[in-house]
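The structure appears below as structure tokens.
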Amino acid sequence: MQSRNWLLSAAALALCALATPAGAENTLVIGLAAPLTGSYAPYNEARGVQCEADRINKANEGITVKVLMEDSRSDPQLTLSLAQKYLDDKAVVVHGTPFPDSLIPMAKMAEGYNALVYSAQITQVEMHESGLTNFLANVVPDDVGASALASAVYAKGARSVVLMTSDSAGSWSAKTPEWFGEAFEKLGGKVVGRLNHTIGTSDWSPQVANIQAMSPQPDAVDICSVVPDVAILARQLTAAGYKGLVVGCDGFDDPSLEATVGDNDVLSRMMFNTHAAMVGTPAGEFIESCKADGYKVNGIFDALGADMLRVLVDGAKDAGTTTDGAKILAAIQARDTFDLVTGGKISFKKRLTWPERNVPVIGFADGKRVLVQNIFPDFIPHSK
Amino acid sequence: MDFVLQQILNALAFGSEYALLALGLAIVFSIMGLVNFAHGEIITIGAYTMYIMIVMGLGSPLLVIPLAVLAAVLGALAFERVAFRPVRYAPTSTGMLTAFGVSILVQNAFLLFISARPRAVSVLGGLNVTVWVGPLRLQLLQILELGVSLVVTLGLILFLTRSTLGLAMRAAARDFAMVRLVGIRANRVIATAFGISGLLAGIAAVFIVARRGSIEPDMGFMPVLKAFVACVIGGFGSLPGAAVGGLLLGFIEVGILVLLPQQWGGLTDAIVFALIALILVTRPQGLMGRNVELGDKER
């Protein structure tokens, strides 16, 4: 009897040993140290990734996606600790709080595991300049977005601009307006002034008084900041009699922008570049359908998370592996184009760490978002 | 000249908001020796009350404003009863850590149960009307802020100098044990201090939401930081000091924004804090704070 039990156990173990590698070979393990709480919670892509992963698994595409996810609480140190745990648990792709102070050390850590860091939403140029060989961003860097915006603003008739910069959020808030200015001047426009601000400003009176004192008034004010700051700035400028444009970067792209501005006339003079148009587009449909399925999706970043997953799964199929990060990365960089969940296509072939994808510029008509332009700009001020 | 006058008015408006916030922090510190970093979350409670009322279809400003202030007062009283009373006799660092804990807890509760993203609250947008006085541009909100801060400061002075409870609070600020020995109930004095602090935070919440037009879970962080700096400048524990510190901070911030060459913008915070350090080197107790015996730490 004892020897029969021993034989059964041995057979079971042998079956497990045979089954495990085959299962693991088809499972793409992704570790997300997602900022579900804390200051960066609005920028997480976690629920969109989970929604798309469940759909991929249900569609039985030959690759199963396993998402390991915990709250990083927006803390860079905790993000790294979680990434370490995921890498030890055989994750081949890790991502976390989408800022360089988390992602650069994370990528260095992942190198030793033959894993890669793929960010759905990071736009900071630092990520592409730090010599990382296992990093991908799903969206264009800030200077590319700023250049696309500059061409839309110029096309709208603006010829002079005031740049508002801040050191509060690194190159995103300090350099993006400068890149906008560079692209704007290349088109024939002129930067007529520069003003400082701090992210979190709710009273722009000193800056408004400065702009008010300018003669002639600038055609546009460019700023890279967040909602509600930019909404308050637009309101206060209008209240002071300013009739020009208030334009800026992806920080404007928050669902509460319209209600916070609260005035269609002010909105009609606002414009911003973003990563995917959300209204009446595949990205918007994805979000709505995830919501209908019970996922607590945030908005654009969830849609970008789904794009990231789509690229990874297709890259893993091309590479013929779900466990070798270097091969998956090489396959992603070699492929001509990827079809995105948010519509359109991207390619990493030319830029390697960031994709060539069109940059939507959004404006407003009758209080509703409209797509003003959707191009990849000719002039790139900074990125290679 | 108009530009200078405009910026002076802007500085006054900034300063009066900071004064209002700093008074709320100072009144609790003066009684308990507690730097209540959860003061910002009392503002957040007031702000989210407005949002919840609008969602419930009760969006009239006449209803929203008093209920937001009331919610802030109740929130402050609840903080005192649940979080700060149990650590009243613990070292001051325990109280400060408790305040941080409460702050994180409340922020994340709003984040998890409402949203991490900003939510629009435009019900008080009417207060952003611009009033022109000759070439000078003033927002109705700025005028109201200035007026309310003045009234509140005067009201607080009257309360502290003319009412029995106010006198008891001032006495408690000097020697809490003695106040208890003469039969005044400690809980009542401290709860009143928190209640007043909640009232001030509620009023501040109304102004902040009117200007921002939106709310978010960490919206109380920056205001409480400014209030803290204002209290340090004015002298922690001194109510007139908090008001003066707030006004001075407003003038320093606007002055630097206007006068500093734009290419040096990154130095703004460094210059603000260098100026504050300069004030503290010459008056370590703050502009209006009391001298504290330092024993053998004295130079």
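The values are calculated or read from the model by the stated rules, or taken from the named source; none is laboratory data. Since we're looking at a predicted model, the values are computed, not measured. Neighbour counts are summed over all protein chains in view; Cβ atoms, including those assigned to glycine, are modelled from backbone coordinates with ideal geometry.
Taking B:Ser238, is it of a type in the set (Ser, Thr, Tyr), surrounded by fewer than 23 Cβ atoms within 10 Å (Cβ to Cβ) and touching a helix residue (DSSP H, G or I) at 6+ places or on another chain (Cβ under 8 Å)?
Yes; evaluated as a whole, the condition is true for this residue.
Against the condition more than 25 Å from B:Ala72 (Cβ to Cβ) and buried (at least 22 other Cβ atoms within 10 Å of the Cβ), how does B:Val254 come out, does it pass?
For B:Val254, the condition - more than 25 Å from B:Ala72 (Cβ to Cβ) and buried (at least 22 other Cβ atoms within 10 Å of the Cβ) - is met.
Of the numbered conditions (1) in contact with a Pro (Cβ under 7 Å, 6 or more places away or on another chain); (2) surrounded by fewer than 21 Cβ atoms within 10 Å (Cβ to Cβ); (3) under 30 Å from A:Asn60 (Cβ atoms), A:Asn374 fails exactly one; give the number of that condition.
Every listed condition holds for A:Asn374 apart from (3).
Could you say which residue among A:Leu352, A:Leu340, A:Leu371 is in contact (Cβ under 8 Å) with a residue 24 or more places away in the chain and farther than 20 Å from A:Ala155 by Cα?
Residue meeting the stated conditions: A:Leu340.
To keep it simple, each residue is scored yes or no on (1) closer than 16 Å to A:Val67 by Cβ; (2) hydrophobic (A, V, I, L, M, F, W, C).
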site: A:Lys85; (1), (2): yes, no
site: A:Asp89; (1), (2): yes, no
site: A:Thr97; (1), (2): no, no
site: A:Ser102; (1), (2): no, no
site: A:Met109; (1), (2): no, yes
site: A:Tyr113; (1), (2): no, no
site: A:Gln124; (1), (2): no, no
site: A:Gly131; (1), (2): no, no
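If you check B:Pro223 against the conditions, is it in a loop (DSSP other than H, G, I, E, B), within 12 Å of chain A (Cβ to nearest Cβ) and not polar (S, T, N, Q)?
No, not satisfied.
Restrict the check to the range B:202-211 and report whether at least one residue is at pLDDT 90 or above, more than 25 Å from B:Val35 (Cβ to Cβ) and within 11 Å of chain A (Cβ to nearest Cβ).
yes
Which residue is farthest from A:Ile300 (Cα to Cα), if the candidates are limited to the range A:350-384 and must be in contact with a strand residue (DSSP E or B) (Cβ under 8 Å, 6 or more places away or on another chain) and charged (D, E, K, R)?
A:Lys350
Which one of the conditions (1) within 19 Å of the chain's Cα centre (by Cα); (2) more than 30 Å from A:Ala316 (Cβ to Cβ); (3) of a type in the set (Phe, Trp, Tyr) does A:Phe376 fail to meet, given that it meets all the rest?
(2)
Of B:Leu58, B:Leu21, B:Leu34, which residue is crowded, with 23+ Cβ neighbours inside 10 Å and not in a helix (DSSP H, G or I)?
When all the criteria are applied, what remains is B:Leu34.
For the range A:199-206, check the following and say yes or no: at least one residue is part of a loop (DSSP other than H, G, I, E, B), more than 19 Å from A:Ala174 (Cα to Cα) and facing another protein chain (nearest Cβ under 8 Å).
So far as the range A:199-206 goes, yes, one or more of its residues are part of a loop (DSSP other than H, G, I, E, B), more than 19 Å from A:Ala174 (Cα to Cα) and facing another protein chain (nearest Cβ under 8 Å).
Which one is nearest to B:Ala13 (Cα to Cα), of the residues in the range B:131-150 that are within 21 Å of the chain's Cα centre (by Cα) and among the aliphatic types (A, V, I, L, M)?
In this case the residue turns out to be B:Leu146.
Can we say A:Ala152 is in contact with a Ser or Thr (Cβ under 7 Å, 6 or more places away or on another chain), buried (at least 22 other Cβ atoms within 10 Å of the Cβ) and away from every other protein chain (no Cβ under 11 Å)?
In short, no.
Within the range A:63-80, take every residue that is of a type in the set (S, T, N, Q) and either in contact with a Lys or Arg (Cβ under 9 Å, 6 or more places away or on another chain) or modelled with pLDDT of 95 or more (or both) and give me the one that is surrounded by the most Cβ atoms within 10 Å (Cβ to Cβ).
That would be A:Thr79.
Report, by residue number, each residue of the range B:259-299 that is under 30 Å from A:Asp167 (Cα atoms), under 23 Å from the mean Cα position of the chain (by Cα) and modelled with pLDDT under 80.
Of everything in the range B:259-299, those that are under 30 Å from A:Asp167 (Cα atoms), under 23 Å from the mean Cα position of the chain (by Cα) and modelled with pLDDT under 80 turn out to be B:Thr268, B:Asp269.
Go through the range A:173-185 residue by residue and tally those that are out of contact with any His (no Cβ under 7 Å at 6 or more places or on another chain), more than 14 Å from chain B (Cβ to nearest Cβ) and touching a residue at least 24 places away in the same chain (Cβ under 8 Å).
5
Is there a residue being touching a helix residue (DSSP H, G or I) at 6+ places or on another chain (Cβ under 6 Å), at pLDDT 95 or above, away from chain B (no Cβ under 14 Å) and more than 20 Å from A:Ala213 (Cβ to Cβ) anywhere in the range A:250-268?
Looking through the range A:250-268, none of the residues is touching a helix residue (DSSP H, G or I) at 6+ places or on another chain (Cβ under 6 Å), at pLDDT 95 or above, away from chain B (no Cβ under 14 Å) and more than 20 Å from A:Ala213 (Cβ to Cβ).
Go through (1) in a helix (DSSP H, G or I); (2) modelled with pLDDT of 90 or more; (3) facing another protein chain (nearest Cβ under 9 Å) and name the single condition B:Pro217 misses.
All conditions pass for B:Pro217, except number (1).
Out of (1) closer than 23 Å to B:Thr192 by Cα; (2) aliphatic (A, V, I, L, M); (3) surrounded by 15 or more Cβ atoms within 10 Å (Cβ to Cβ); (4) modelled with pLDDT under 95, what's the single condition that is false for B:Ile42?
All conditions pass for B:Ile42, except number (4).
Name the helices (runs of 4 or more DSSP H) wholly inside the range A:214-293 in which the number of residues that are without any contact (Cβ under 8 Å) to a residue 40 or more places away in the chain and surrounded by 24 or more Cβ atoms within 10 Å (Cβ to Cβ) is 1 or more.
Qualifying helices (runs of 4 or more DSSP H): A:229-239, A:257-261.
Could you list, in sequence order, the residues of the range A:186-198 that are assigned to a strand (DSSP E or B) and either touching a residue at least 40 places away in the same chain (Cβ under 8 Å) or over 17 Å from A:Val246 (Cβ atoms) (or both)?
A:Lys190
Just one of (1) surrounded by fewer than 16 Cβ atoms within 10 Å (Cβ to Cβ); (2) more than 14 Å from chain A (Cβ to nearest Cβ); (3) over 18 Å from the mean Cα position of the chain (by Cα); (4) more than 30 Å from B:Val133 (Cβ to Cβ) trips up B:Ala83, so point out which.
Unmet condition: (1).
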